[in-house]
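See structure below.
The values are calculated or read from the model by the stated rules, or taken from the named source; none is laboratory data. Being a predicted model, the structure only gives us computed values, none of them experimental. Cβ sites come from the backbone with ideal geometry, for glycine too, and all protein chains shown count toward neighbours. Note: accessible area is taken over every heavy atom of the protein model, side chains too, but ligands, DNA and RNA are not part of it. Shrake-Rupley method; radii C 1.70, N 1.55, O 1.52, S 1.80 Å.
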Amino acid sequence: MTTFLRATIALQTLAVFLTPVTAGLLLTTPSALALHSASAYTLYVVVLVHVVAAVLAWRPGGGSPRPIFHAAGFLVLASAQVALGIAHVKTVHVPLGVLLFGLSLLQLRGFRAAQPPECMSSASGTQSSSGSSSQPCGRVTLPGEP
């Protein structure tokens, strides 16, 4: 996984977290609808960038195509979320937002969980199994990837 893809997923998770905060403002501030709408469209743009980052990590980077499927699925769900929000179908819009946040957290967590234990315990970011040479632990894969 590239750093750009990891950063995009972290930004996506932050955007998914902040969008319900602006939704909560709808309860107290009359002008919060514009703020919630802006945060929703910002999230949508970040999800589009996530798809691009996944493609760039796969094709030129030589990585697995699996993150593309995750990003595309997230884009489909985010598109449904925007449509449901515009249609004011709150009974599905709110639970889908919770699902989006959970999926984004799982994607973010998946990168850390996929690192070998030697990399996670090392302070320098390099692994040294026998003390003879050290390899960088920079390449991170999703669970189930070779």
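Structural remarks
- Cβ crowding within 10 Å averaged over residues, with 17-24, 47-54, 28-35 ranked highest first: 47-54, 17-24, 28-35
- Accessible area ranking (1.4 Å probe, heavy atoms, ligands and nucleic acids excluded), largest first, for ILE68, ILE9, ILE86: ILE86, ILE68, ILE9.
- Extension gain for THR91 to LEU108 (0.36 nm times residue separation, less C-alpha to C-alpha distance): 3.4 nm.
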